[in-house]
1. Counting only residues 5 or more places away or on other chains, whose amide H sits under 5 Å from the amide H of C:LEU69 once H atoms are built in the peptide plane?
2. Would you kindly calculate the mean projected area, averaged across all directions, of the convex hull enclosing the Cα atoms of region C:8-137, in square nanometres?
3. Let me know the mean shielding of B:233-240 by other chains, meaning the per-residue number of their Cβ atoms within 10 Å of its Cβ.
4. When the helix-only estimate is applied to chain B (DSSP H runs of n ≥ 4, each -39,500 (n - 2.57), divided by the residue count), what is the mean residue ellipticity at 222 nm, nearest 500 deg cm²/dmol?
5. Please go through region B:28-79 and write out the trypsin sites (Lys or Arg not before Pro) that DSSP classes as loop and that have at most 15 other C-beta atoms within 10 Å.
6. Would you please give the residues with an amide H less than 5 Å from that of B:GLY230, counting only those at least 5 places away or on a separate chain, with H modeled from the backbone geometry?
7. Could you tell me which of rounded, prolate or oblate describes region A:22-202, using a ≥ b ≥ c as the square roots of the eigenvalues of the alpha-carbon gyration tensor, with rounded for a/c under 1.5 and, failing that, prolate when a/b is larger than b/c and oblate otherwise?
8. Give the distance, in whole Å, between the Cα centre of region B:30-55 and the Cα centre of region B:319-357.
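Just so it is clear, none of the values below were taken in a lab; they were calculated from the coordinates. Values in this document were obtained by computation on a predicted structure and should not be read as measured data. FYI the Cβ positions are ideal-geometry reconstructions off the backbone, even for glycines, and counts take in every protein chain you see.
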Amino acid sequence: MMPFPSPTAALAPHLPSPGFADPVRDAQRCFRKVLAAISYPGRLQDMRGLLSIAPGPLHPAAAALCLALFDLDTPVWLGRSVDTPDVRQFLSFHCGCPVAAQPGEAAFAVLSAEEATALMEAFHVGTPEYPDRAATLLIQTSALAGGPAAEIAGPGIPGSQAIEAAGLTPEFWARRGAINALFPTGLDMILIDAQRIAGLPRTVRIER
Amino acid sequence: MYVAVKGGEKAIDNAHALLAEERRGDPAVPELSIAQIKEQMTLAVDRVMSEGSLYDADLAALALKQARGDAVEAIFLLRAYRTTLPRFAASLPVDTAKMTINRRISATFKDLPGGQVLGPTFDYTHRLLDFSLMADAAEAPRAAAAPADDAAMPRVVDILNHEGLIEADSAPADAEPGDLTREPLTFPAGRDLRLQNLARGDEGFVLALAYSSQRGFGNNHPFAGEIRLGGVEVEIVPEELGFPIVIGEAELTECHMITQFTGSKTQPPQFTRGYGLTFGRNERKAMAMAIVDRSLRAGEFDEERRFPAQDEEFVLGHSDNVEASGFLQHLKLPHYVDFQGELVNVRALRAEAETVR
Amino acid sequence: MTRCTASDDAANAAARQGWMRLFALSDAAALEAALPGGLADEVRVLRAPEVGLVMVRGRTGGGGAPFNLGEMPVARCSVALADGTVGHAYVAGRDRAKARAAAILDALMQRPEARAELERTLIAPLSAALAARRQAAAEKTAATRVDFFTMVRGD
């Protein structure tokens, strides 16, 4: 017997999964995590305590990022791995963000490492005048440890930083490198597992 | 060489403390409450809401208090505040024909369905200082009342256009209007962006442009077709509901200006319209906005663009008092290095000129 | 299991629009006072009370294409009751407690037995207060209506 009823148990299936308990402060805490992740690329940021449950295939950490980052003005591309009615309802209900029909229209994308690898070139990388208009990819992985080992370097990293996210294949790094070669345009990425995130901004290069 | 300058923190802290003390004024005089400002400085509050582009009378009153009554500073505060909030939705376009009327006049048509209703107006006052307001009022003034019928108050320009002599509204499009708070303004701007810009624009600037147009710097001899002031209900359609709901009420001022148009190769002679709409009670602003709106439509009517009020880039680029004030006031920031450079330059030029002489 | 027809949906939506409008246009105190006691355990927050903005739109010339006039703060909240009934609220202003109260009341109004009670204790007085407020304003405005009388030119 469970000591407490599951938080979702009492909810009818058509109800959206709950958002932050304190929308403003929790979104700010989550944003600080993103800021730290982007400032110190590859360093794992603990996302526990922000959101305990998430809809469908979204990790709680990914759902928290959605709540903090998405709004009416940010079209979001959903990879097939996360595109479920529950996720769409959650995004529409809490964020009000439109779902992009094409990757190129998206300000953000939520997708798996495999999908990111396959689709990367389809996203908007910004323009030399407005590099900030590039899409940001939120990449869900099964784990941020134990995957293929890589060393990254660049601004925010003293020396080099190990990264072991699942699903980041040599092909992923090669395609990413080609896109970001045209700095200042490029793609910023946030790697996510169940309760942690790591930043992979466009300024970071792979060492090996 | 670039020299970074630091310092002055103590002076800045003390300057802010001095500002706070001076804002409060003589402590022997009771402090103003937000409610007092909201209730008794209503038109200042309305101007701040209108140009601050945020319909919140309490915050506008707070901004005025904090800004010591400086409208532009208060508008800046409100604009800064709004950037901290997420946008949930855009409303359905408000229906000003369904306004609960507080004032409604027309200078072009005397007998209107619904009648001419003066409402609370400064018009017909003698502009003599009322010294009785210097004393504590014995009792609150009371307005007269008369039986109110539920007569509809359709928009004047709509009901009196049987002959087709007045330009009709463009068909209601469902097109998503541009939003200059989201995308930087580019030219040519559509009428949607022009109206948004003018609605936020500085009242003094818009008034001066309208005045210039009236005086001949622009092809405009307008009639006040209708001015109305009152409340409209604001509706949104939340996606989770799928039907429109009223979220509140906003007091608006609307003005239709009617201008004679002699016709062009493609259009018959008719009366054309300029449109003004603002938050709150801002009659002067709404009227000026309507005139400038019409001036900016010169291109639509094959009118030659010769004057400032007809020049979109000039008008829209300079109407915003927060931007204007910011660019002006940045001149107070240290320009020591720039100035040093110019100083060297001028000395060199002068030395050169003296050698030649 | 109940089945809803399209006309039931329309009627329900219309009724719901009515009370949601009334909540938005009424004082927070009246809404909070109307919340039944002991409800706290039953209310699950789906979307915690939050303040945001609604961009208010007008129409060019009053009846033409839409344009953005300016923004209005709005507080929203969504709750679910234990039986799964969901209540939503969007109320102009920055009063999160009002949004929460309105969302709970929106959910209660969808329950027939609670609705009958609330119609009497809350909806009727709120409607009357709103009508009275508007009537008083309309009467003052009406006193400023101009009665023209045509001057007959004698010759």
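1. Here the answer is C:VAL56, C:ARG57, C:GLY58, since their amide H atoms fall under 5 Å of that of C:LEU69.
2. Working: hull surface 38.8 nm².
Projected area, direction-averaged: 9.7 nm².
3. Values: counts 4, 8, 6, 7, 0, 9, 4, 10.
Per residue, the number of nearby Cβ atoms from other chains is 6 on average.
4. Numbers: 12 runs with 133 residues, N = 357.
It comes out at -11500 deg cm²/dmol, rounded to the nearest 500.
5. On the way: sites: B:LYS38, B:ARG47, B:LYS65, B:ARG68, B:ARG79; in loops: B:ARG68.
Answer by residue number: B:ARG68.
6. Answer set, sorted by chain and number: B:ASN102, B:LEU252.
7. Numbers: a/c = 1.44, a/b = 1.19, b/c = 1.21.
Rounded.
8. First find each Cα centre; the distance between them is then 39 Å.
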